[in-house]
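The values are calculated or read from the model by the stated rules, or taken from the named source; none is laboratory data. Owing to the predicted nature of the structure, the values given are computational and were not obtained by experimental measurement. Glycine also receives a Cβ, built like all others from the backbone with ideal geometry; neighbour counts cover every protein chain displayed.
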There are 4 protein chains.
Amino acid sequence: MAGGTRMTTVGFIGLGIMGGPMAANLLRAGFEVIGHDVVPAARERLAEQGGTVAAGVAQACADADVVITMLPNHPQVEAVALGEGGILDSAKPGVLYLDMSTIRPQTSRLIAQEAAHKDVRVLDAPVSGGERGAIDGVLSIMVGGTEEDFDAAASVFAPLGKTIVHVGPHGAGQTVKAANQLVVGGTYALVAEAIVLLESAGLDAGVGLDVLAGGLAGSRILELKRETMVARKFAPGFRIDLHHKDMGIVLDAAREAEVALPVGALVAQLISAARSQGYGQLDHSALLMVAENLSGKGD
Amino acid sequence: MAGGTRMTTVGFIGLGIMGGPMAANLLRAGFEVIGHDVVPAARERLAEQGGTVAAGVAQACADADVVITMLPNHPQVEAVALGEGGILDSAKPGVLYLDMSTIRPQTSRLIAQEAAHKDVRVLDAPVSGGERGAIDGVLSIMVGGTEEDFDAAASVFAPLGKTIVHVGPHGAGQTVKAANQLVVGGTYALVAEAIVLLESAGLDAGVGLDVLAGGLAGSRILELKRETMVARKFAPGFRIDLHHKDMGIVLDAAREAEVALPVGALVAQLISAARSQGYGQLDHSALLMVAENLSGKGD
Amino acid sequence: MAGGTRMTTVGFIGLGIMGGPMAANLLRAGFEVIGHDVVPAARERLAEQGGTVAAGVAQACADADVVITMLPNHPQVEAVALGEGGILDSAKPGVLYLDMSTIRPQTSRLIAQEAAHKDVRVLDAPVSGGERGAIDGVLSIMVGGTEEDFDAAASVFAPLGKTIVHVGPHGAGQTVKAANQLVVGGTYALVAEAIVLLESAGLDAGVGLDVLAGGLAGSRILELKRETMVARKFAPGFRIDLHHKDMGIVLDAAREAEVALPVGALVAQLISAARSQGYGQLDHSALLMVAENLSGKGD
Amino acid sequence: MAGGTRMTTVGFIGLGIMGGPMAANLLRAGFEVIGHDVVPAARERLAEQGGTVAAGVAQACADADVVITMLPNHPQVEAVALGEGGILDSAKPGVLYLDMSTIRPQTSRLIAQEAAHKDVRVLDAPVSGGERGAIDGVLSIMVGGTEEDFDAAASVFAPLGKTIVHVGPHGAGQTVKAANQLVVGGTYALVAEAIVLLESAGLDAGVGLDVLAGGLAGSRILELKRETMVARKFAPGFRIDLHHKDMGIVLDAAREAEVALPVGALVAQLISAARSQGYGQLDHSALLMVAENLSGKGD
C-alpha cells in the first residue's frame, strides 16, 4: 500500500453507525474510499461525502490497496471475507485487510489462516470509543497480527484512532477487546448494585458515588456515567443489544481458551435480562434498571 | 468539644495498624490523646508517641471531649460502645463519639439510638485508603450522622483525612463504605478474569491491560495494580481477610435494605475462596489466583 | 429423663406454627407439657390442648426433664438459652435440652459449650417437613450431639418425627439442615429456570417437566411441585421469608467452615430478590416469579 | 415407512458410543440397518452385528425409509443433513428423518424448514440415559415435530427407549433436553456444594446426604450418585466434556428465547472449570472436585 501516500485506495465494507464516520475520516485524510453496504442510505451517505459506491464486495475490493470491514458479527465477516466473491476471492495479491469488527478471536484466526493461502495480509483491529470516537477519529484500536503488517497499516489507522496498539498475533486484538467488554460490562453491573444499595438505604446515591469515584473504587465509568445513571438517563451511548453480543464473544473466547469466567458469565446474563426486559436499545448503563427491578425498586 | 481548640482531649480505643498511626497524627496536630488497646505493644507505641495510656475503655473516655473507636468489626464496637463500663457508660455528657471502624450500618444506627439516651453524639466515620493513608493522614472519611455533629468533628478529622464527606444520617457512612468495598472487590474480580482470559490466549496481559486502562474499562485499580497483578506480587496493601470481612458487611447491609446483589454475592464467595485457598494474608489483588486456579492455570 | 416414661415433663418454648402442633403431639403421646410463648394465642392453644402454660422461660424449665425450643432464629435461641433467667440458669441439673429451631451451627456449638458448665445436656435437632409434617408427627429430625444423649431423647423425638437421624456432634444437625436448605433452594431455582426456558420457547412446561421428572433430572420437588409451579399456585408450604433466613444460615455456616458456595450464594440472592419483589409470604416455589420477572416474562 | 414392518430400512449416521448400540437394538428388533460413521472401527462393529456398511451418507440414505443421525453437535448435523450429498440431497421423498443428536433447538428448526422443501419429514429426538440406556434400549426420548410424524416413528423408537414423549413442535425435543441438562448439571453443583459444606464441618457426608435424599432435597442424582461422589469415584457415566457441550446448548437456547438463566450460566462456568482443571473425561459428578478445589480442600 506504499506507505499511505495520498493515492492509497481503501475498500470499505460496512458503512453503518461506526463504519460511516470512519470512512468519512479516511476521505478527509486524503484516502480514496470505495465502499459497500447492504443499506442504501449508507451507500448514499458515502457518495455525499465524496466516496465511491461499489456494486458489491467484489467491486469494492478489486482495486483496493487496503480493505476494511466494519460489520455486526462473525457470520457477516465470514461471509464477506471467505464467501464466494468475497474479499479473499476478489482482492489483489498483497492487499492489507483490516477487520475492524468486534468478533470472536477464533474467527479472526481462521480468516488469517485462509488469507495466508491467498497472499492477503490480515489484521484484526476492533475498536472502542463508540460512535462519538468514530466521528472524532479518536477510537482505541486493538490490533492483532504481524508487526510488519501493523506498521504497514499505520497511516490508515491514524485518521481513525488516538490509541493504536499492537497487542499480539492474529486474534489478539479481538481477545483484548473481549477483555475490555468484560470489564466494562462488569463495572456497570457493580456500579448498578452500588446505586441500588445506596438508594435502598435512603441515601443520595450521587453523593455516595462521588466518594467512590475519588478512591480505589474510582473508574472511567464512575467518572463519565454516575450522574446520568443516578438521573436514569440512558440515551445511547453504546446499546445493551451490542454489549449483549459482545458478552457472547467474551464467553466464546473463554470457551476456546478453556477458562471459566464466573463473574463475566453472570454479568452476561444480567445484560441478557436487560434485553429481555426491553432495554436493548438503551445505553449499557441501563443495567441499573435490571438491578433495580430485581430488588423490586423499579417503577 | 469546643471547636477543636488545641486543648481537645481524644479518647482513642483501638490502636492497631490503622488506629496507631491515626492517633499519632492527632498527637502531631496538637490533640491530647488518651488511648487504649488490648495489645500491650500498641499501648507502648502510643506512649512513645507522646500519648497517654489508659487502663481501659472507661478511663480512656472519662475526660475525653471526643472518643474515637477503630476496631475490627461490630462485635468489638458493640462491646466497647454499649457494654458495661463502655463508652456510653463512661463518657461525659455531650461528648462526640466517632466510630471509624468499618462495621455494618445497622450496628451504627443501633449505637446512635442508644447514644441518644445518654447525651452522646455519634458519627459513623469509616475510612478508606489503608495503612498508607492512615500514616500519611490522607484517608477518605465517609461520615454518617447530623450535619451539626459533622461540623463539630471537622478539626478532629482534618489531620486524618484528605477527602472528608458527610454522606447522610447515622449509618450512611457505613453504607457508602460498603458500596465502596463492593465495587473495589468486584473490580479486582473482573480484572482477574480479564488477565486469565488474556494469558490463556497466549497474550501479554500487561500490554492488553494498558489498552483497557486507557479506555472505558479504566479504573484506579487498573492504574495502580495492573503491573503488580501481572507480576503476581501480592504484598499487602489491604488483606483478603479484611476484604472478606467487608463483603460480609456489604451483604448484611443488602439484607437489611432488602436488596439483592447477585454480582456482589458471587464476588464475596470468590474472596471467601481466596481465604480458603490460603491467600488471606495477601493483598486483595490476589483474587487473581482464585481465577487462575479455577481454570487450572495456577502453579 | 428416665427413658421416656409417661411421667416425663417437657418444657416447651416457642409454640408457633411448628412448635404448637409438636407440643400437641407430645401431649397426645402422654408427655406432660409446660409451655411458653410470647404470643398469647399460642399459649391459649396449648392450654386447650391440655398443656400447662408457664409464666415464662424459667417457669417452663423449672420442673422439666426435657426442654425443647422451637424459635425463629439464633438471637431468640441465644436469649432463651443463655440469657438471664434462661434455660441454663433455670433448668434442673441433668436436664436434656433439645433445640429444634433452625439456626446457625456455630450458635448450637456455643450453647453446647455453655451448657456443659451447667450440667445441661444439649442436642441440636432441627427439622424438615414443614407445618404439615409437624401436625402429622412425621418430621425429619437431624440431630447433633452425643450418641448417649441422642438415645436418651429417642422417646421424645418419636411422636414428632418419622426419620430421626444422629448425624454427628454438636452443631451437626444444623449443618445438615443447612445443606438441605441449600439443595432445596437451589433445586427450586433450577426448576424455575427450566420452566422459563420451556415456556419462552412456546412449549407446555408441564409436558416438559414430566419428562424431566422421570429421568436423571428427577427430584422430590419436581414430583411434588411441578404442577403447582406451572399453574402459578404458590400457597405456602414453606415461606420465602423463612427460606431467606435459612440461606443466611447456609452462608454463615459456609463462612465458619471457610468454604465458598458460589451457587448457593447466587440462589440466596434470588431468594432475597423474591422477598424484595413482595413474595415473602408465598411458598418458596415462588422463586419461579423471580426467574420470570428477570426475563421480562412476568405479568 | 409402513408402520414399522420387518422390512423397514434404517439409514443410520453416527455409530459411536450411543449410535452403535442403538443400531444394534434396531437390528435385533428386525430392522434392516445401513450405517455410516467416519471411524472405521464403528463401521466394522456394525458389520459384525449384521448391519450393512454404507460408503457414505448418500449411500446410507439412498434406500432408507427412515434416517437416523446420532452425531456430536450441530456442525456435524448441519453438514450431514444440509451439506452437499447430505440427507436432504440423497434421501427418498417421504422419508422420515430422526435426528437423535443433542444440538441447539434453532438448528433443529432450521433443518425442519429446509426438509419441508424436499418432502423429508423430520423429528428432533434427543435422548437421555447415557451409554447404559442405549445398550439396554431404555433411553428417554424427547421428540419435537408433528404428531403425525411422531406416530409414524413409534416402531423405530420402540426398541431404543422406554419413555418416549412427544413434547411439542420442531425443536421442542431439543429444548426439553436442554432444560434437562440444566437441571442435571445444576443439581450436581448443588450436591457438590452440600458435600463440601458437610465435610468442611467435619461431618460424614454420606450420613448427611442420606437424610437429604429422604426429604424435599431428594433427587435421582442423590439416589444414584451420592455414594460414588462421597467416595470420589467418578468413572463415567456421562462425561464432563459432553455436559460442557450441552450447557453451551442450554445457553444458546436461552439466548434465542431471550431469557436469562443466571444459575445455569454459573453452573456452566463451573463445568467449564472442571474441564480446565483436567476432569473432562470423568463423570459429570466430578463437579465435586471443582467445588472442593475452590475451597482449597482438594488434594
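Observations on the structure shown:
- Qualifying residue in region A:155-164 (condition: surrounded by fewer than 23 Cβ atoms within 10 Å (Cβ to Cβ), over 30 Å from B:ASN180 (Cβ atoms) and hydroxyl-bearing (Ser, Thr, Tyr)): yes
- Residue within region D:189-205 that is among the hydroxyl-bearing types (Ser, Thr, Tyr), closer than 30 Å to C:HIS284 by Cα and surrounded by fewer than 23 Cβ atoms within 10 Å (Cβ to Cβ) present: yes
- Qualifying position, being under 28 Å from the mean Cα position of the chain (by Cα), closer than 30 Å to A:PRO72 by Cβ and not in a helix (DSSP H, G or I), among A:VAL165, A:VAL183, A:VAL191: A:VAL165
- Single condition B:ILE34 does not satisfy, out of (1) part of a helix (DSSP H, G or I); (2) more than 19 Å from the chain's Cα centre (by Cα): (1)
- The single condition among (1) away from chain C (no Cβ under 14 Å); (2) touching a residue at least 60 places away in the same chain (Cβ under 8 Å); (3) in contact with a helix residue (DSSP H, G or I) (Cβ under 6 Å, 6 or more places away or on another chain) that D:ALA153 does not meet is (3).
- Taken together, the criteria place D:LEU212 among residues that are over 14 Å from the mean Cα position of the chain (by Cα) and facing chain C (nearest Cβ under 7 Å).
- Just one of (1) under 28 Å from A:ALA273 (Cα atoms); (2) modelled with pLDDT under 95; (3) of a type outside the set (Gly, Ala, Ser) fails for D:VAL250. It is (2).
- Here is the figure for region C:218-247: residues that are within 24 Å of D:LEU270 (Cα to Cα) and free of Cβ contacts under 8 Å to residues at least 24 places away in the same chain total 1.
- Output for region A:122-138, where each listed residue is touching a helix residue (DSSP H, G or I) at 6+ places or on another chain (Cβ under 9 Å) and of a type outside the set (Gly, Ala, Ser): A:VAL122, A:LEU123, A:ASP124, A:PRO126, A:VAL127, A:GLU131, A:ILE135, A:ASP136, A:VAL138
- Test for D:ALA158: is it in contact with a Gly (Cβ under 9 Å, 6 or more places away or on another chain) and more than 7 Å from every other protein chain (Cβ to nearest Cβ): yes
- Meeting the requirement of 1 or more residues that are in contact with a Gly (Cβ under 6 Å, 6 or more places away or on another chain), the helices (runs of 4 or more DSSP H) wholly within region A:65-122 are A:74-82, A:105-116.
- Members of region C:194-209 that are assigned to a helix (DSSP H, G or I) and at the interface with another protein chain (Cβ under 7 Å from one of its Cβ atoms): C:ALA194, C:VAL196, C:LEU197, C:LEU198, C:SER200, C:VAL207, C:GLY208
- Residue among B:PRO72, B:PRO93, B:PRO126 that alone is buried (at least 24 other Cβ atoms within 10 Å of the Cβ), outside the structural domain of B:PHE238 (by TED's automatic domain parsing) and not acidic (Asp, Glu): B:PRO126
- Criterion violated by A:LEU190 - all others in (1) touching a residue at least 60 places away in the same chain (Cβ under 8 Å); (2) within 20 Å of C:ILE271 (Cα to Cα); (3) at the interface with chain B (Cβ under 8 Å from one of its Cβ atoms) satisfied: (1)
- For A:ILE17, the criteria (1) without any contact (Cβ under 8 Å) to a residue 60 or more places away in the chain; (2) β-branched (Val, Ile, Thr); (3) under 26 Å from A:LYS162 (Cβ atoms); (4) surrounded by fewer than 20 Cβ atoms within 10 Å (Cβ to Cβ) hold in every case but one, which is (1).
- Matching entry among C:LYS225, C:LYS245, C:LYS177, C:LYS233 (being surrounded by fewer than 23 Cβ atoms within 10 Å (Cβ to Cβ), modelled with pLDDT of 95 or more and assigned to a helix (DSSP H, G or I)): C:LYS245
- Index of the failed condition, B:LYS118 passing every other in (1) more than 13 Å from B:ILE13 (Cβ to Cβ); (2) at pLDDT 95 or above: (2)
- Candidate set from region B:230-266 (those that are β-branched (Val, Ile, Thr) and within 18 Å of B:SER128 (Cβ to Cβ)); member that is nearest to the other protein chains (Cβ to nearest Cβ): B:VAL250
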